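Note sheet for the following structure.
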Amino acid sequence: MIEARHLRVLRAVSTTGSFSAAARELGCTQPAVSQQMKALESSAGTTLLIRTGREMRLTQAGEALVRHASGILAGLTAAEEEVAAIAGLRAGRVRLVSFPSGSSTLVPGALAALRAEHPGTRVSLVEAEPPRSVDLLRGGDCDIALAFRYGASGGEWDDLVVRPLLTDRLIGLVPEGHRLADASSVGIEELADEPWIAGCPRCRRQLVEVCEEAGFTPRIDFATDDYPAVMGLVGAGLGVAVLPELAVESVRPKGARTVSVEPAIEREIVALTLPDLARVPAVAATLDQLARAAAR
């Protein structure tokens with residue numbers, strides 16, 4: 001019989017490429033990893049790994065087992081958490097992945113309310129932008145992914161449970177002394193000759209698409225995933241930017257002014273999970289609290 005703990009070890013070895021690296025990731029010893037891999041190969045009745053010097057690669061059987069491991073482990077996690085939560089959410093664990101501006105605005109209130117209502121439920125948080133966060137969810141490495149998208153992308157999340165949270169409009173940032181600093185609304189074409197500071201890769205692509213639809217290609221002088229850095233660069237007079245309203249809420253811009261941008265650029269903020277996990281009470285409760293935080 002194939003055991004879940006052996007599948008977790010196989011997946012770690014496949015991801016890291018060695019027993020020693022897998023041991024570090026799993027928090028155990030290299031001999032323990034080796035022993036569990038031998039047990040798994042014995043259960044499978046075939047070789048799963050080929051070792052050549054320092055290199056290690058999966059056999060065809062090993063590749064097949066790794067391919068199924070994520071779904072198997074996600075299903076087992078769902079079963080374990082649901083059983084633990086039957087007694088009224090006195091226990092439970094939720095692994096949450098969020099993009100940075102969501103972490104600083106939606107997540108704190110949601111988790112505080114969840115802890116007050118269900119103090120036995122533990123939530124861990126790591127940050128990642130989509131599509132990386134969505135990959136982590138599909139790979140079984142988290143239970144909920146807070147994500148966003150610009151416009152409807154057909155089929156992008158068809159295999160997931162999608163909980164819409166809010167529509168986040170992007171707003172413009174210009175230096176305080178800028179000619180448009182006091183404008184209530186700015187057409188994006190009015191910024192055609194400005195140097196730009198761009199945000200995350202997905203936001204950057206959306207910016208370029210919107211500008212090109214307005215008849216120009218933005219000259220991007222700086223690009224950073226760090227929203228405070230974007231605001232600092234704008235405040236220093238080094239360029240203009242458009243940022244999600246959530247990002248601006250989380251950091252007070254110094255030396256910069258916010259302006260509405262036309263046409264409106266909006267992104268849909270959602271919470272994603274797997275169908276099996278959506279039935280786990282701790283996951284469902286976390287989704288509910290995220291929705292309440294977004295409605296405030």
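The values are calculated or read from the model by the stated rules, or taken from the named source; none is laboratory data. Bear in mind the structure is a predicted one, so any value in this text is a computation, not a measurement. Don't worry about glycine lacking a Cβ; one is built from the backbone with ideal geometry, like all the others, and counts go over all protein chains shown. All accessible areas refer to the heavy atoms of the entire protein, side chains included, with ligands and DNA or RNA removed. Shrake-Rupley method; radii C 1.70, N 1.55, O 1.52, S 1.80 Å.
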query: When only Cα pairs under 8 Å and 6 or more residues apart are kept, what is the percent relative contact order across the chain?
result: 23 percent
- line: Treating only Lys and Arg (+1) and Asp and Glu (-1) as charged, each at its beta carbon, one finds that the chain has a dipole about its Cα centre, in Debye to the nearest 20, of 1280 debye
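Averaged per residue, what accessible area in Å² does the chain show with a 1.4 Å probe, protein chains only? Display every interim value, and only then the final one.
Numbers: 14350 Å² over 296 residues.
Per-residue accessible area for the chain comes out at 48 Å².
Once the Cα gyration tensor of the stretch 23-182 is diagonalised, what are the square roots of 5 times its eigenvalues, in whole Å and ordered largest first, as equivalent ellipsoid semi-axes? Each step should come with its number before you reach the end.
Numbers: eigenvalues 303, 109, 53 Å².
Each semi-axis is √(5λ); the values are 39, 23, 16 Å.
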- prompt: Hey, what D do you get for the stretch 155-200 in µm²/s if you plug the Kirkwood alpha-carbon radius into Stokes-Einstein at 10 °C and 1.306 mPa s?
  reply: 112 µm²/s
- prompt: So if we plug the beta-carbon distance of Ala116 and Arg279 into 1/(1 + (r/R0)^6) with R0 = 30 Å, what FRET efficiency do we get, rounded to 0.05?
  reply: 0.80
message: 5 Å is the cut-off here: which amide hydrogens, built 1.01 Å from N in the peptide plane, fall below it relative to Val240, excluding neighbours closer than 5 in sequence?
response: Trp196, Ile197
task: Pick out which of Leu136, Leu58, Leu207 has the largest mean-square fluctuation in a Gaussian network model of the chain, springs linking Cα atoms closer than 10 Å.
output: Leu58
- prompt: Points 7 angstrom from Cα along the Cβ direction at Glu3 and Ala192: gap in nanometres?
  reply: 6.8 nm
query: Build a GNM of the chain with springs between Cα atoms under 10 Å: which of Ser18, Ser101, Ser133 gets the top mean-square fluctuation?
result: Ser18
query: Which FRET efficiency, nearest 0.05, do Arg252 and Leu76 yield, Cβ-Cβ r, R0 41 Å?
result: 0.35
statement: Note on the stretch 187-296: the mean projected area of its alpha-carbon convex hull, in nm², is 8.3 nm²
task: Principal axes first, then extents: for the Cα atoms of the chain, list largest minus smallest coordinate on each axis, whole Å, largest first.
output: 72, 50, 34
- line: For Gly92, the residues 5 or more places away or on another chain with a placed amide H closer than 5 Å to its own amide H are Arg122
task: Compare Glu262, Glu41, Glu127 in a GNM of the chain, Cα atoms joined below 10 Å, and give the one with the largest fluctuation.
output: Glu41
Computed over the stretch 1-71, Cα set: Rg, Dmax in Å: 10.8, 31
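Where the convex hull is taken over the Cα atoms of the stretch 106-203, what is its projected area averaged over directions, in nm²? Kindly include the intermediate steps, with their values, before the conclusion.
On the way: hull surface 38.4 nm².
Here the figure is 9.6 nm², rounded to one decimal.
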message: Across the stretch 247-296, what fraction of all alpha-carbon pairs, as a whole percent, falls in each successive 5 Å bin from zero upward?
response: 4, 13, 17, 16, 15, 12, 10, 7, 5, 1
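Estimate the FRET efficiency between Ala61 and Glu212 by the formula 1/(1 + (r/R0)^6), using the beta-carbon distance for r and 35 Å for R0, to the nearest 0.05.
On the way: r = 48 Å, r/R0 = 1.38.
Efficiency at R0 = 35 Å is approximately 0.10.
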